[in-house]
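The values are calculated or read from the model by the stated rules, or taken from the named source; none is laboratory data. Please read these numbers as outputs of a predicted model, since none were measured by experiment. All Cβ positions, glycine included, derive from the backbone under ideal geometry; neighbour counts span all protein chains shown.
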Amino acid sequence: MNVPWMSLKERLFSLCPSNPIPFYFDVGTRPTVSQTYLLKLFSVDRKGLLHDVTHVLSELELLIQRVKVSTTPDGRVMDLFFITDGMELLHTKKRQDETCERLNDVLGDSCISCEFQLADGFQQGFSSLPPSVAEELFHPEITEGEVGSQALSPDMRKLKKVNVVIDNSLSPSQTLLQIHCVDQKGLLYDILRTMKDCDIKIAYGRFLSEKKGYREIDLFLQQADGKKIVDPEKQNTICSQLRLEMLHPLRVIIVSRGPDTELLVANPVELSGKGRPRVFYDVTLALKVLGICIFSAEIGRHTTAERQWEVYRFLLEETREYPLANKQARSKIIDRVRRTLMGW
C-alpha cells in the first residue's frame with residue numbers, strides 16, 4: 001500500500017496540541033468544526049466502480065461518514081457520499097474541483113455528473129436489522145467449535161492465539177500489560193481504542209517487530225487517577241476485552257434478504273463516536289478482486305445492549321463463479337473480505 005508519508009506528517013504536526021506554529025494549514029481559513037459535505041456522483045455502472053471512487057476519496061484524504069449507493073434499472077448508479085475532509089479544505093472551490101477532476105480522470109466516460117453540497121444537519125443513519133440477523137452479526141465471540149458463517153477458516157484459527165498478561169511487580173507506579181498475538185492490520189488501533197474506552201492511560205509502550213506472523217507488545221498503564229491497576233476484577237475486564245477485540249475486531253456475514261443476498265460487515269464504534277477507518281475501502285477492494293458487483297451499499301449504525309456498531313451493508317450481484325445461494329461460495333467471499341480487512 002502506498003502511504004502518503006509527507007501528508008501524514010503534516011497532519012500529525014497540525015493536530016499536535018504542543019505545536020504553537022501552524023504547520024501547513026492556514027488556521028485563519030480552516031473551519032473550527034469539521035463540516036460534512038454531500039458528494040453526489042451519477043455514473044454508468046461497471047465492475048469495480050464503487051471501489052475506484054472510494055480509492056480516489058481515500059487518496060485525497062476525504063473521510064466517508066455515510067454512503068448510499070443504488071443502481072437504476074437502466075444500469076446507472078447514483079452514489080451519495082457524506083464525507084469530511086482530513087485536510088479541512090473541502091469548503092474551498094479548489095478542493096471540490098480537484099476531487100471532481102480526479103474522479104472524472106478515473107471513471108472516464110462512466111462519469112455523468114459530479115457535484116458537492118454542504119450537508120446541513122447531517123446525522124449518522126441507523127440500520128434496521130432483523131433480530132435473527134443482528135443476533136448472528138453481533139454474537140459476542142467465536143467459540144472453538146463454531147461452524148456458522150462467522151467461523152474462521154482452519155488456517156486462520158491456528159493463528160488466533162492471544163496471550164494477555166498483567167504484571168504489577170516490575171514498576172512501582174505503573175501496571176505492565178504484555179500481549180502476544182497474531183499480527184494483523186489495525187492491531188495497534190484495536191489495542192489503543194480498547195484502552196481509551198476503558199479509561200486507561202498508556203505511560204510507555206514497546207511494539208516489537210513481527211516474528212513468524214506474531215507481535216509482542218508491552219504497555220505500561222495507569223488508571224485515570226494516575227494509579228496502578230490493582231483491582232483483580234478490573235484487570236480481568238481489561239484482559240477479556242482485549243482478547244475479544246483482537247480475536248474478533250470485525251464481524252462479517254452473508255444473509256439472504258428475500259430473493260437478494262446481502263453482505264454485512266460491522267465494527268465497534270469508539271466512545272468518541274468514530275468508526276473504524278478504511279473498512280468501506282477494504283470491503284469494496286475485496287469484492288472488486290472477486291469480480292462481484294455491488295447493486296447497492298449503505299453505512300449505518302446499530303445499537304446493542306453493550307455498545308454501538310457501525311454496519312456496512314452491500315447488496316451483491318450473483319456471478320457464475322460465485323453463485324450466492326451456494327454455501328461454499330459464500331464462505332469464500334466472507335474469507336476474502338475478512339482477510340482483506342485484517343491484512344492477511
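Results, tabulated for the structure shown:
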{"quantity": "When residues of the stretch 62-90 are limited to those that are among the charged types (D, E, K, R) and buried (at least 18 other Cβ atoms within 10 Å of the Cβ), the one nearest to the chain's Cα centre (by Cα)", "calculated": "ARG66"}
{"quantity": "Segments classed as strands (runs of 3 or more DSSP E), wholly inside the stretch 180-282, with at least 3 members that are outside the structural domain of GLU318 (by TED's automatic domain parsing)", "calculated": "200-207, 214-223"}
{"quantity": "Matching entry among PHE116, PHE122 (being crowded, with 19+ Cβ neighbours inside 10 Å, among the aromatic types (Phe, Trp, Tyr) and in contact (Cβ under 8 Å) with a residue 60 or more places away in the chain)", "calculated": "PHE116"}
{"quantity": "Candidate set: the stretch 309-325, residues that are part of a strand (DSSP E or B) and in contact with a Gly (Cβ under 8 Å, 6 or more places away or on another chain); chosen: the one farthest from ARG257 (Cα to Cα)", "calculated": "GLU310"}
